[in-house]
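Trainee: Below are the structure tokens for one structure; questions will follow.
The values are calculated or read from the model by the stated rules, or taken from the named source; none is laboratory data. Treat the numbers as computed from the prediction; the structure is a model and nothing was measured. Glycine also receives a Cβ, built like all others from the backbone with ideal geometry; neighbour counts cover every protein chain displayed. Heads up: the accessible areas ignore ligands, DNA and RNA and are worked out on the full protein's heavy atoms, side chains in. Shrake-Rupley method; radii C 1.70, N 1.55, O 1.52, S 1.80 Å.
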Amino acid sequence: MEMPSQCRQSIPPFVVKAATIASLGGILFGYDLGCISGALPQMASTFSFTERQQEMVVSFLYLGGGLGAAIGGSLCDTAGRRTAILVTDVIFLVGAAALYFSRGLLVILIGRIIMGFAVAVSAIADVSYLHEISPTEWRGSVVSANEACISLGFLVAYILGYFISLSDPVNGWRTIFGISGFVAVIQFAGMIPMPESPVWLREQGRLHDANEAMK
């Protein structure tokens with residue numbers, strides 16, 4: 001029995017590129033949730049954090065996440081999916097820099113809130129972009145790739161946290177947080193030449209741009 005020609009098609013190179021770049025947000029999502037496991041023991045030792053302060057360092061990420069979840073959808077609808085991803089990459093970089101250069105609890109908590117905000121908005125923007133930029137026959141696979149990258153981000157966080165803690169048991173936590181900023185820069189650079197979501201462009205009445213984005 002001959003399979004339909006649609007099923008025999010190989011995945012278009014553009015879809016591979018879009019999935020690879022946008023799914024870096026999934027890696028950032030998992031990494032920033034998981035990296036605290038390797039960083040917290042060193043931070044607690046460096047700053048002599050109490051148990052209550054350690055709980056704050058962990059939980060403030062979710063405070064920022066709640067804020068990001070509340071306004072992330074509106075940001076994507078107003079600015080566009082691609083623009084929202086670029087904005088979150090900048091926020092990731094700011095949060096990572098705040099944590100990397102922090103000298104006390106207050107800056108750490110601010111950095112964690114910033115990172116949580118970026119994680120939540122990125123989760124919305126990345127999935128929306130991937131869903132709307134992908135051909136129908138590949139849409140499920142492309143979105144699933146982003147979900148797989150979230151798990152990959154957790155794995156990378158645990159592996160890097162372990163080895164960085166061994167190689168630099170005093171200030172390794174700064175490197176652990178700084179890595180997320182490096183990944184954000186890569187995604188930002190990759191998203192620059194990518195088109196905006198054709199669905200969002202049509203919603204804005206930019207039909208010509210929408211047609212160009214689908215080519």
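Trainee: Of the numbered conditions (1) within 13 Å of the chain's Cα centre (by Cα); (2) open to solvent by less than 50 Å² (accessible area, probe 1.4 Å), V90 fails exactly one; give the number of that condition.
Mentor: The single condition V90 does not satisfy is (2).
Trainee: Please tell me if E212 is within 21 Å of the chain's Cα centre (by Cα) and surrounded by 13 or more Cβ atoms within 10 Å (Cβ to Cβ).
Mentor: No.
Trainee: Please pick out the residue among L61, L67 that is surrounded by fewer than 18 Cβ atoms within 10 Å (Cβ to Cβ), within 14 Å of V121 (Cβ to Cβ), touching a residue at least 40 places away in the same chain (Cβ under 8 Å) and not aromatic (F, W, Y).
Mentor: Result: L67 is the single residue among L61, L67 that is surrounded by fewer than 18 Cβ atoms within 10 Å (Cβ to Cβ), within 14 Å of V121 (Cβ to Cβ), touching a residue at least 40 places away in the same chain (Cβ under 8 Å) and not aromatic (F, W, Y).
Trainee: Looking at T88, T78, which is the one that is closer than 14 Å to M115 by Cβ and either of a type in the set (S, T, N, Q) or in contact with a strand residue (DSSP E or B) (Cβ under 6 Å, 6 or more places away or on another chain) (or both)?
Mentor: Values: T78 fails: closer than 14 Å to M115 by Cβ.
The unique qualifying residue is T88.
Trainee: Now for a different question. Can you pull out the residues in segment 78-96 that are in contact (Cβ under 8 Å) with a residue 60 or more places away in the chain and more than 14 Å from D32 (Cβ to Cβ)?
Mentor: Scanning segment 78-96 gives G80, R81, R82, T83, I85, L86, V90.
Trainee: Conditions first: (1) of a type outside the set (K, R); (2) outside any helix (DSSP H, G or I); (3) under 13 Å from W200 (Cβ atoms). L75 passes all but one, so which condition is the exception?
Mentor: Here L75 clears every test but (2).
Trainee: Within segment 113-146, work out how many residues are part of a helix (DSSP H, G or I), over 19 Å from V87 (Cβ atoms), in contact (Cβ under 8 Å) with a residue 24 or more places away in the chain and open to solvent by less than 50 Å² (accessible area, probe 1.4 Å).
Mentor: Residues meeting the conditions: 2.
Trainee: Give the number of residues within segment 97-112 that are of a type in the set (G, A, S), touching a residue at least 24 places away in the same chain (Cβ under 8 Å) and in a helix (DSSP H, G or I).
Mentor: Looking only at that region, the number is 2.
Trainee: Let me ask another. When only residues in segment 147-157 that are open to solvent by 70 Å² or more (accessible area, probe 1.4 Å) and of a type in the set (A, V, I, L, M) count, which is nearest to the chain's Cα centre (by Cα)?
Mentor: That would be L152.
Trainee: Tell me, which residue of segment 158-189 that is more than 13 Å from the chain's Cα centre (by Cα) and of a type in the set (G, A, S) is farthest from A79 (Cα to Cα)?
Mentor: The first filter runs over segment 158-189 and keeps only residues more than 13 Å from the chain's Cα centre (by Cα), leaving 158-178, 189.
Narrowing further to those that are of a type in the set (G, A, S): 161, 165, 167, 172, 178, 189.
Working: G161: 35, S165: 40, S167: 42, G172: 37, G178: 27, A189: 18 Å.
Here the residue is S167.
Trainee: So, one more: So is R202 among the basic types (K, R), without any contact (Cβ under 8 Å) to a residue 24 or more places away in the chain and not in a loop (DSSP other than H, G, I, E, B) or not?
Mentor: yes
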